[in-house]
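For reference, the structure is listed below as C-alpha cells.
Just so it is clear, none of the values below were taken in a lab; they were calculated from the coordinates. Small disclaimer: the values here were computed from a predicted structure and weren't measured. Cβ atoms come from the backbone with ideal geometry, glycine included; neighbour counts cover every protein chain shown.
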Amino acid sequence: MAEPRLPAPADALTEWLAPDWGFSIRSAKRREAFHSGLQAIEVHDSESFGTLLRLDGHFMTSEKDEFFYHENLVHMAAITHDAPRRVLIIGGGDGGSAEELLKHPGIERVTLVEIDPAVVDVARRHLQGVHRGSLDDPRLTLKIEDGFAYVQASAEPFDLIVLDLTDPGGPSTLLYTPEFYRACAARLGEGGIMTLHIASPLASPQRIRETLLGLRQAFGNVIPYLTSVPLYGGLWLMALCSQQADPRRLSAESVDARLQERGIHDLQYYNGAMHCAALALPNFVRALLP
C-alpha cells in the first residue's frame, strides 16, 4: 500500500520542473527576499545546501553543491582549450564561474557581464562560499550591463565565453537565440570555445532540441555533455560549442595531465575520468539530439 502524500511544510521552497513534477528544499532561515526591478531575489539558509540563491523562484546556486554546476560548466571548456587567457562570462553574478576560471594560472583577464547589480551585491553579502573572493580578484573586470548588447558592441576576441545564465525568460530571454549565439561566435578567437548549460533532459526535452538546433546555426562543433546538479533536480545537459575544438579528442589521462600542469588540485567533481564520462550520453539523451 502506497504511503499517503504529505503536504509540503510551510517553510518549503518548491521549484516545479514540469507541471506535475518538482522538488522542495526546507528553508531554515530567510536572509533576504526582494524584487530588484529585474527579478525576484531570495537568499535562504538550508541544512543540506547551506546558503542558497533563488531568482524568480528558480534555484540558482548554493554553497554546498555549487561545484557540481560550476566545475562542469567551466573546466570542460577550459581544459579542452590549449591555453585560455581571455574569458568572457555572461551572467554569473554569483561569482562561481569566475572562481573556477581563475584557478587556471594562464588566464590573464575575466570580463564578467551581469545585467542585475543586485545579484552581485547579494553574492558579496551572502555567497562567499560560492565566489571565494573572485568578484574582487584584480584579473576580473565587472560590467553591469546587458550581455547581448555588450557582445554586439565589443570587438575584443576571447578564448572562452561562459554563458552562466538563468533559465529562459525575463532578462535572459534573448540570450537563448541563434542571433546571440552567432554574436558570441564572432567574439571567439581561433580555437575559441563557448560553454553553457541547457536544461534537464527529463523535464525539458523540447528546450534541449531547440537550443541545440540554435547553437548549430552558429558553431561547427556543438558537443552536449551530461552531469548531475542536485540543486537543479538531477541530470542536467550542458554543451561545449566551437568551430574547431572537440573535448572528445582528450583522453582521461591527458585531461589529468593538463590539470597537473596547470596546478589545479582543489576540484571536487571534475577530473579526467569524469570528463570522458560526461561525454558518454545515454540513449534517451541521444534521441533528443538534432
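The C-alpha atoms of the chain define a longest principal axis, and helix 205-215 lies at about 30 degrees to it.
The distance from the alpha carbon centre of the range 123-156 to that of the range 166-201 is 17 Å, rounded to a whole number. When peptides 78-90, 271-283 are sorted by average Cβ neighbour count within 10 Å, with the highest value leading, the order is 78-90, 271-283. Each DSSP beta bridge with both residues in the chain is either parallel or antiparallel, and the antiparallel ones are about 65%. Rounded if a/c is under 1.5, else prolate if a/b beats b/c, else oblate: with a ≥ b ≥ c from the C-alpha gyration tensor eigenvalues square-rooted, which is the range 106-200? Oblate, because a/c is 1.5 or more while a/b does not exceed b/c. Between residue 141 and residue 267, the C-beta separation translates, for a Förster distance of 30 Å, into a calculated FRET efficiency of about 0.75.
The modelled label-to-label distance for the pair residue 121/residue 228, using points 7 Å beyond Cα in the direction of Cβ, is 3.8 nm. Here is the tail figure for the range 1-138: Cα pairs spaced more than 18 Å apart come to 59 percent of all pairs. Would you mind checking the tilt of helix 117-126 against the longest principal axis of the Cα atoms of the chain, expressed as 0 to 90 degrees and rounded to 10? The answer is roughly 70 degrees.
As a length-normalised measure over Cα pairs under 8 Å and 6 or more apart, the relative contact order of the range 20-152 settles at 19 percent. Please say if the range 185-290 is rounded, prolate or oblate, where rounded means a/c under 1.5 for a ≥ b ≥ c the square roots of the C-alpha gyration tensor eigenvalues, and otherwise the choice is prolate for a/b larger than b/c and oblate otherwise? Oblate, since a/c reaches 1.5 and b/c is not below a/b.
For the peptides 206-213, 118-125, 135-142, the ranking by packing is 118-125, 206-213, 135-142, with the highest mean count of neighbouring Cβ atoms within 10 Å listed first. With angles folded into 0 to 90 degrees, how steeply does helix 66-80 sit against the dominant principal axis of the chain? Use alpha carbons for both and round to 10. Helix 66-80 sits at roughly 10 degrees to that axis.
The label point for residue 30 and the one for residue 154, both projected 7 Å from the Cα toward the Cβ, are 3.6 nm apart. Multiplying the residue separation of residue 249 and residue 213 by 0.36 nm and subtracting their alpha-carbon distance yields 10.7 nm. Beta bridges assigned by DSSP with both partners in the range 1-145 are antiparallel in approximately 70 percent of cases. Where a ≥ b ≥ c are the square roots of the eigenvalues of the C-alpha gyration tensor, would you call the chain rounded, which needs a/c under 1.5, or, failing that, prolate if a/b is larger than b/c, or oblate? Rounded, since a/c falls under 1.5. Can you return the lysines within cross-link range of residue 29? Criterion is Cα-Cα under 23 Å, with same-chain partners fewer than 8 residues away left out. Here the lysines satisfying the reach criterion relative to residue 29 are 64.
Dividing the mean sequence gap of close Cα pairs (under 8 Å, 6+ apart) by how many residues the range 122-232 holds gives a relative contact order of 23 percent.
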